[in-house]
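What follows is one structure encoded as structure tokens, with my remarks underneath.
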Amino acid sequence: MKETVVSGIRSTGNLHLGNYFGAIRNFVKMQHQHNCYFFVADWHSLTTHPTPENLHTNIRSVLSEYLACGIDPDVATLYVQSDVPEIPELYLLLNMNAYVGELERTTSFKDKVRKQPENVNAGLLTYPVLMAADIIIHRANKVPVGKDQEQNLEMARKFARRFNHMYKVDFFPEPKAFSFSNELIKIPGLDGSGKMGKSEGNAINLIDEEKVIRKKVMRAVTDSGPQEPDQEPTEPIANLFSLMEVVSEPETLTHFKDSYAKCSIRYGDLKKQLAEDIIKFNAPIRERILEISANDDYLRSVVKKGAEKARESASASIREVRKIIGYKSF
Ligand code: AMP
């Protein structure tokens with residue numbers, strides 16, 4: 001059965017390997033099987049206060065990067081979030097039934113409070129509500145996201161359920177997380193711990209030049225080497241193996257894991273190989289990004305078509321939601 005799938009990526013910077021393996025790789029596969037809506041989350045990006053120039057440049061790059069990764073705008077609906085005014089209307093309505101206590105308890109909010117105490121804005125607090133609006137506006141059943149987004153998706157399910165319960169309807173389906181491998185992937189960063197992320201400053205971007213990739217990988221955190229045969233790798237090394245698992249040939253990974261187990265591994269060699277494999281993986285995508293981002297006419301037509309298709313679905317939902325809530329015409 002064809003399901004409705006929705007997912008977006010914040011336009012706060014360039015797309016990185018975490019975005020690709022955690023999300024976009026699945027988008028590309030899913031677009032041929034389901035009714036897919038993919039968007040550039042440019043309202044979400046405002047929580048970091050971009051300048052007007054940066055805002056536009058970032059929307060443009062994420063859009064070009066989506067296309068370069070293989071999202072086909074003739075197959076999926078690919079749009080820019082701020083082209084769909086029905087989303088903030090639903091966000092406002094959902095905010096009335098979202099409680100400050102539950103929003104304050106989300107891990108992503110608590111993380112932000114810790115990391116940027118000087119900018120704890122209300123947009124950050126209600127981020128999961130906007131995310132819920134993004135998803136349920138198309139009455140989606142499936143959301144291909146990485147492991148880091150599990151809790152936000154749980155909130156989206158809760159808001160959908162709460163709306164249905166409050167108005168005694170069965171209008172919004174409860175969206176489920178989706179990954180082809182049946183296991184949500186987490187791509188680690190190069191700084192020894194945690195995930196790869198734009199705001200973590202530890203990402204390898206799909207657009208990065210060869211020498212930038214080499215520099216980033218060669219600086220990756222390691223440890224002082226295995227102390228005894230067959231020991232479990234420490235976190236920084238396990239992270240490098242995880243990256244190798246997605247970009248390298250299986251034999252390459254086996255080779256380095258074996259030499260780790262035998263205590264003969266040289267981290268310099270491991271990093272060199274990893275850098276070359278990332279470069280090889282990124283090269284065709286990077287080439288397409290450069291080509292697409294130089295083509296204004298193409299980007300304009302993609303955005304226009306995407307906005308039309310997304311608004312058609314969003315306005316149908318909003319019409320129903322207004323009726324359910326009790327707005328009537330005079
Ligand atoms: P963001 O860049 O935080 O807007 O995330 C956009 C999408 O990429 C979401 O579906 C995330 O789950 C996914 N994603 C971002 N970083 C990672 C990562 N390090 N590992 C796996 N998935 C990720």
- Counting other Cβ atoms within 10 Å, which GluC sites (Glu not before Pro) in the range 135-211 have at most 14 and lie in a DSSP loop? Glu183, Glu209
- Would you work out if the range 210-290 is rounded, prolate or oblate? Take a ≥ b ≥ c from the square roots of the eigenvalues of the alpha-carbon gyration tensor; rounded if a/c is under 1.5, else prolate when a/b is larger than b/c, oblate otherwise. prolate
- Item | Highest-MSF residue in the chain out of Asp134, Asp277, Asp297 [GNM, Cα springs under 10 Å] | Asp297
- the range 115-175 versus the range 1-35: alpha-carbon centroid distance in Å: 17 Å
- Contact order relative to length of the chain, as percent, for alpha carbon pairs under 8 angstrom and 6 or more apart: 22 percent
- Query: Taking the alpha carbon gyration tensor of the chain, what are the square roots of 5 times its eigenvalues, largest first, to the nearest whole Å?
  - Reply: 38, 22, 18
- Note on the structure: Sequence order, the range 223-230: Karplus ³J(HN,Hα) from phi using 6.51 cos²θ - 1.76 cosθ + 1.60, θ = phi - 60°, Hz rounded, Gly and Pro as x, gives 10, 8, x, x, 8, 8, x, 6
- Note on the structure: At the level of C-alpha centres, the distance separating the range 217-243 and the range 83-112, in angstrom, is 39 Å
- Do the sum for the chain: with -39,500 (n - 2.57) for every DSSP H run of n ≥ 4, divided by all residues, what is the mean residue ellipticity at 222 nm, to the nearest 500 deg cm²/dmol? -16500 deg cm²/dmol
- Query: Who wins for biggest fluctuation among Ser108, Ser224, Ser199 in a Gaussian network model of the chain, springs between alpha carbons below 10 Å?
  - Reply: Ser224
- For the range 125-211, what relative contact order do you get, as a whole percent, if you take Cα pairs closer than 8 Å and at least 6 residues apart? 27 percent
- Query: Given labels modelled 7 Å from the Cα in the Cβ direction, how far is it in nm from Glu3 to Asp111?
  - Reply: 2.4 nm
- Message: Loop by DSSP (not H, G, I, E, B), at most 14 other beta-carbon atoms within 10 Å: where is the longest site-free stretch of the chain for trypsin sites (Lys or Arg not before Pro)?
- Response: 3-104
- Inter-site label distance for Ala283 and Glu102 at 7 Å from Cα along Cβ, in nm: 5.0 nm
- Return the lysines within reach of Lys271: Cα separation strictly under 27 angstrom, same-chain partners fewer than 8 residues apart disregarded; answer none if there are no such residues. Lys147, Lys186, Lys195, Lys198, Lys211, Lys215, Lys216, Lys257, Lys262, Lys280
- the range 210-290: relative contact order in percent, alpha carbon pairs under 8 Å with at least 6 residues between: 43 percent
- Query: Shape call for the range 165-311 from the C-alpha gyration tensor, a ≥ b ≥ c root eigenvalues: rounded (a/c under 1.5), prolate (a/b greater than b/c) or oblate?
  - Reply: oblate
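Each value in this text was obtained by applying a stated rule to the coordinates, not by laboratory testing. As the structure is a computational prediction, the values presented were derived from the model and not from experiment. All Cβ positions, even for glycine, are placed from backbone atoms using ideal geometry, and neighbour counts span all protein chains on display.
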